[in-house]
Protein chains: 2
Amino acid sequence: MYEMPKSKSDVAGDVFCAKCPARYLITKLSSKWSLLIIDALKDGPMRNGELMRFIDGISQKMLTQTIKELAEMKLVHREDHQTIPPHVVYSLTPLGEGLQEKICSLDRWIEENVIAMVEDNNSIPLKLI
Amino acid sequence: MYEMPKSKSDVAGDVFCAKCPARYLITKLSSKWSLLIIDALKDGPMRNGELMRFIDGISQKMLTQTIKELAEMKLVHREDHQTIPPHVVYSLTPLGEGLQEKICSLDRWIEENVIAMVEDNNSIPLKLI
DNA sequence: GCAAGTACGCACCTTTTGGTAACTATGAAA
DNA sequence: TTTCATAGTTACCAAAAGGTGCGTACTTGC
């Protein structure tokens, strides 16, 4: 597994290096649910139920789990009103906003180029949206 | 699973829709190996062994498998010289070049912001690069 | 008064991911 | 002559991802 460095200043970024924290982060972020949650939060704060309905196909378990990881990475802010029934609001942190621009750019590119990627290709499943 | 539409013109992109091909593609692309291979090919064609050495930690199996998927998505071109011993060269297609810009932008952002994401966080493993 | 919504945690189970080792055929270098 | 590099494939196995169903404690609408 990983080892802790002596000080934080020893940390630097290289995704191609297996032991770099940057690689750890790219491993965490390279999940469809992480990408979709950050994309979904681009227009402002959302609650759990809203995200569930917006991100078609995500389960409650994966939403909770992924949001927790994104919060640990300081990309998403979790605001719990501490009421019963629960009222929790999720939003992007300033750091998350920066990442969101990159991820949205990637997602929009995929949506725009999906036809070129799947045409004449029987191994990629197609379906009406 | 998925169903085939009547014609290709029915295809459109929405990553938030579970049955959209765009979701299928984002699912395939959201793996660390896909992201790293496309990033690695940004400076020109590379051979199998070069990629193995450049992308620290990837196994032969995952490299072969991921490249195959990227080729099916028309993002990577596989040029096999049909010799023994084998000589195969991989490069980005014009489509892959477009995606590479987005992915490199994401990877560089992660490398630049890795410190902000991991500081004061004991759940994220750190290591000297 | 009963059901639904809220945002989870937990246990169980299946599917997918991904590592390792063995094997391929050949040329080139030691 | 023996070893290595090349770019794979295959089988086997362990680990991780991820779905489903249950329970929670309360409020609001029907």
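The values are calculated or read from the model by the stated rules, or taken from the named source; none is laboratory data. These numbers come from a predicted model, not from an experiment. For neighbour counting, all protein chains shown are included, and Cβ atoms are generated from backbone atoms with ideal geometry for every residue, glycine included. For accessibility, only protein heavy atoms count, side chains too; no ligands or nucleic acids. Shrake-Rupley method; radii C 1.70, N 1.55, O 1.52, S 1.80 Å.
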Using Cα springs under 10 Å in a Gaussian network model of chain B, which residue among B:Q82, B:Q65, B:Q100 shows the largest mean-square fluctuation?
B:Q82
Alpha carbon convex hull of chain B, projected area averaged over orientations, nm²:
11.2 nm²
Give the accessible area for B:S30 in Å² (nearest 10); use a 1.4 Å probe, count only protein heavy atoms, and leave out ligands, DNA and RNA.
10 Å²
If I build a Gaussian network model for chain B, linking alpha-carbon pairs within less than 10 angstrom, which residue out of B:P94, B:P45, B:P85 has the largest mean-square fluctuation?
B:P85
Look at the axis of the rotation that sends chain A onto chain B, then give the chain A residue with the nearest Cβ and the distance in whole Å.
A:S30, 2
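With the cut-off at 1.5 for a/c, could you classify region B:77-118 from its C-alpha gyration tensor as rounded, prolate or oblate?
Numbers: a/c = 8.36, a/b = 2.37, b/c = 3.52.
Judged from the Cα gyration tensor, region B:77-118 comes out oblate (a/c at least 1.5, b/c at or above a/b).
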If you count only protein heavy atoms and use a 1.4 Å probe, how large is the accessible surface of B:S91, to the nearest 10 Å²?
30 Å²
How do A:R78, A:R23, B:R108, B:R47 stack up against each other in accessible area, from largest to smallest, with a 1.4 angstrom probe?
A:R78, B:R47, B:R108, A:R23
Please report the accessible area of A:E97 (heavy atoms, 1.4 Å probe, ligands and nucleic acids excluded) in Å², nearest 10.
80 Å²
Over 23 Å between Cα atoms, which of A:K42/A:K74; B:K19/B:K61; A:K68/B:K74; A:K74/B:K68; A:K32/B:K102; A:K61/B:K19 qualify?
B:K19/B:K61; A:K68/B:K74; A:K74/B:K68
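What fraction, in whole percent, of alpha-carbon pairs in the protein assembly as shown exceed 31 Å separation? Spell out each step's value before the answer.
Values: 9758 of 33153 pairs.
Result: 29 percent of Cα pairs exceed 31 Å.
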Quick check: with the 1.4 Å probe, what order do B:D39, A:D56 take by accessible area, largest first?
A:D56, B:D39
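Would you please give the FRET efficiency between B:R78 and A:A116, computed as 1/(1 + (r/R0)^6) with r the Cβ-Cβ distance and R0 = 22 Å, to the nearest 0.05? Could the numbers behind the result be given before it?
Working: r = 18 Å, r/R0 = 0.81.
Once the sixth-power term is evaluated, E becomes 0.80.
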Could you order B:Y24, B:Y90 by accessible surface area, starting with the largest, using a probe radius of 1.4 Å?
B:Y24, B:Y90
B:T27 to B:W109: extension gain in nm, 0.36 nm per residue of separation minus the Cα-Cα distance?
27.4 nm
